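Take a look at the structure set out below.
The values are calculated or read from the model by the stated rules, or taken from the named source; none is laboratory data. Only a predicted model underlies this, so the values are computations on that prediction, with no experimental measurement involved. So basically every Cβ, Gly included, is an ideal-geometry build from the backbone, and we count neighbours across all protein chains shown.
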Amino acid sequence: MSKFVLDLDDDFPFEVFGIAATTKDYRLCWSLNKELGFGFKRLNPLSVYSKQRDKIDHGFFFYEDEALQVKYRLIENKVGASKFLPEIVKADFVIIVDESPAFEGDKFLDEMKKIRSVLMAFRINLDELKFKDNILLTA
């Protein structure tokens, strides 16, 4: 009897960026909206359950650039001791950007670094994440 093995590649159709900032989530969105011409709007928070079964809500914002056909999702990474992406300890916020031929990741990263309230912005390598399935909650 033959044995079949299904090998699935984790190919996520988006790029992920981390942001370190000392401001509140709504204040960072205001800065991104003002400086980059975005239109982030608050949506229902993303709920993550801790090992103790406590429900923790992470702020969630969404913006779609219809001209470039790119969707942006901003998630509060740190809420108290809870982290949306536990491996990314430097990031206070995570931005998930759908892949698009019109999106230039390096230019976007450079523009984010110029924002006064952003202390640090960096690209996150999805291959190194253990909990990358959390990102699928935002799809």
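Mind listing whichever residues of region 130-139 are surrounded by 14 or more Cβ atoms within 10 Å (Cβ to Cβ) and either at pLDDT 90 or above or among the basic types (Lys, Arg) (or both)?
Of everything in region 130-139, just one residue is surrounded by 14 or more Cβ atoms within 10 Å (Cβ to Cβ) and either at pLDDT 90 or above or among the basic types (Lys, Arg) (or both), namely 132.
Check off (1) in a strand (DSSP E or B); (2) in contact with a Leu (Cβ under 8 Å, 6 or more places away or on another chain); (3) surrounded by 17 or more Cβ atoms within 10 Å (Cβ to Cβ) for residue 29 and give me the number that stays unchecked.
Here residue 29 clears every test but (1).
Filter region 105-129 down to the residues that are modelled with pLDDT under 90 and either in a strand (DSSP E or B) or over 26 Å from residue 22 (Cα atoms) (or both) and list them by number.
Within region 105-129, 124, 127 meet the criteria.
Could you list all residues from region 64-84 that are crowded, with 18+ Cβ neighbours inside 10 Å and either in contact (Cβ under 8 Å) with a residue 60 or more places away in the chain or at positive phi (or both)?
Answer for region 64-84, where residues must be crowded, with 18+ Cβ neighbours inside 10 Å and either in contact (Cβ under 8 Å) with a residue 60 or more places away in the chain or at positive phi (or both): 73, 75.
Between 38, 14, 61, which is within 18 Å of the chain's Cα centre (by Cα), at pLDDT 95 or above and either surrounded by 13 or more Cβ atoms within 10 Å (Cβ to Cβ) or under 19 Å from residue 119 (Cβ atoms) (or both)?
61 is the lone residue from the list that is within 18 Å of the chain's Cα centre (by Cα), at pLDDT 95 or above and either surrounded by 13 or more Cβ atoms within 10 Å (Cβ to Cβ) or under 19 Å from residue 119 (Cβ atoms) (or both).
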